[in-house]
Amino acid sequence: MSDPMPVSRESERAEQFGSYWKNDLNDVFADVAPYYDQANVVASLGLWHWFRKHFMAMVALRPGLRVLDLCAGTNAVGIALLQQEPALEVFALDRSVAMQTVGRQRAAALGLHIESSIGDVHALPFPAAHFDIVTLQWASRHLRIEVVMEEAMRVLKPGGFFHHCDMLRPANPRIARWYFGYLRTCLNLTAWLFRSGPSALGCRNYFIDALDMFYSAEEFSALLTKHGFVAVEHQRLLAGMIGIHRARKPGP
């Protein structure tokens, strides 16, 4: 069992990384957008699609549901959702024009429609109780996550589900040290393979530091409960290096 979640964790994260989130992160995603999906497959040693399979297995779909994919990036999840249930209404929101440009092209090439927007996930441009499902993956480490949870709760219909997947901080310190060591090596390798530009090269220390200050799977579940979600459950993949969460907004 992990230690109790520090009360000041979010303020510490914002103090340490807030300037980077605001001023530098968009350039990083503009840099990596053309090779983002391929780099993730390489960095995960081919497990990237396996992670998505576990994530998708926790999402219950039926025709006509309205889904909002936050930090949608290259629309990998939106595409996977539509391939599983074509009669969904899928919306994508991301701050990066470059990432969503790739995502729109990918969806169009497959003949799929995703309603794409550029915007801030901390202040969603949607009315309350508007979506049946909200998803967030591979981005929560770069966000004021408590604010995003509040926004997800606001735009979900009563009884709607929030689904989350991300790299997390393993609760076991020994596993965490091994994990961070692997990631340092991996980040250098992928930067070399894909000829990363200055922005992506400059984010390597941030990437590890942000993960080290983030939450374990158990702590993330506690955070969801704190913000009013019920029926919170999670899966820990690879000894907690990856976490998948599902939580429901109270209601019928």
- In this structure, does residue 106 turn out to be surrounded by fewer than 20 Cβ atoms within 10 Å (Cβ to Cβ), under 25 Å from residue 214 (Cα atoms) and either in contact with a helix residue (DSSP H, G or I) (Cβ under 8 Å, 6 or more places away or on another chain) or in contact (Cβ under 8 Å) with a residue 24 or more places away in the chain (or both)? no
- Taking first residues from the range 189-201 that are more than 15 Å from residue 40 (Cα to Cα) and second residues anywhere that are assigned to a helix (DSSP H, G or I) and not charged (D, E, K, R), the pairs with Cβ under 8 Å that are 6 or more apart or on different chains are 199/28; 199/30; 201/191
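Condition check: surrounded by fewer than 19 Cβ atoms within 10 Å (Cβ to Cβ) and under 27 Å from residue 151 (Cα atoms). Does residue 225 satisfy that?
yes
Kindly provide the set of residues from the range 146-157 that are over 22 Å from residue 56 (Cβ atoms) and surrounded by 23 or more Cβ atoms within 10 Å (Cβ to Cβ), ordered by number.
The initial filter retains those residues of the range 146-157 that are over 22 Å from residue 56 (Cβ atoms), namely 146-147, 150-151, 153-154.
Within the range 146-157, none qualify.
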- Only one residue in 133, 118 is surrounded by fewer than 16 Cβ atoms within 10 Å (Cβ to Cβ), touching a strand residue (DSSP E or B) at 6+ places or on another chain (Cβ under 8 Å) and farther than 25 Å from residue 208 by Cβ, so which one is that? 118
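For every residue, the table says whether it meets (1) part of a helix (DSSP H, G or I); (2) in contact with a helix residue (DSSP H, G or I) (Cβ under 9 Å, 6 or more places away or on another chain); (3) modelled with pLDDT of 95 or more; (4) among the aromatic types (Phe, Trp, Tyr).
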site: 55; (1), (2), (3), (4): yes, yes, yes, yes
site: 59; (1), (2), (3), (4): no, yes, yes, no
site: 74; (1), (2), (3), (4): no, yes, yes, no
site: 82; (1), (2), (3), (4): yes, yes, yes, no
site: 86; (1), (2), (3), (4): no, no, yes, no
site: 101; (1), (2), (3), (4): yes, yes, yes, no
- Query: Which helices (runs of 4 or more DSSP H) sit wholly inside the range 137-252 and have at least 2 residues that are in contact with a His (Cβ under 8 Å, 6 or more places away or on another chain)?
  - Reply: 145-155, 217-226
- Query: Which members of the range 187-203 meet the condition of being buried (at least 17 other Cβ atoms within 10 Å of the Cβ) and not aromatic (Phe, Trp, Tyr)?
  - Reply: 187, 190, 191, 196, 200, 203
- Looking at the range 72-92, is at least one residue of a type in the set (S, T, N, Q), within 23 Å of residue 225 (Cβ to Cβ) and under 13 Å from the mean Cα position of the chain (by Cα)? no
- Message: Checking the condition in a helix (DSSP H, G or I), surrounded by fewer than 17 Cβ atoms within 10 Å (Cβ to Cβ) and touching a residue at least 60 places away in the same chain (Cβ under 8 Å), which residue from 14, 39 passes?
- Response: 14
- Item | Per-region count, the range 222-252, residues at pLDDT below 95 and on the phi < 0 side of the Ramachandran plot | 1
- Task: Look at residue 112 and say whether it is without any contact (Cβ under 8 Å) to a residue 12 or more places away in the chain and assigned to a loop (DSSP other than H, G, I, E, B).
- Result: no
- Item | Selection count, the range 67-103, where residues are surrounded by fewer than 23 Cβ atoms within 10 Å (Cβ to Cβ), under 20 Å from residue 133 (Cβ atoms) and not aliphatic (A, V, I, L, M) | 6
- Residue pairs qualifying under the 7 Å Cβ cut-off, at least six apart or on distinct chains, with the first in the range 220-231 being touching a residue at least 40 places away in the same chain (Cβ under 8 Å) and the second being of a type in the set (Val, Ile, Thr) and outside any helix (DSSP H, G or I), are 224/232
- Please work out if residue 218 is at pLDDT 95 or above, more than 14 Å from the chain's Cα centre (by Cα) and surrounded by fewer than 16 Cβ atoms within 10 Å (Cβ to Cβ). no
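The values are calculated or read from the model by the stated rules, or taken from the named source; none is laboratory data. Just so it is clear, the structure is predicted and the values come from calculations on it, not from any experiment. Note that we place each Cβ from the backbone using ideal geometry, even for glycine, and neighbour counts take in every protein chain shown.
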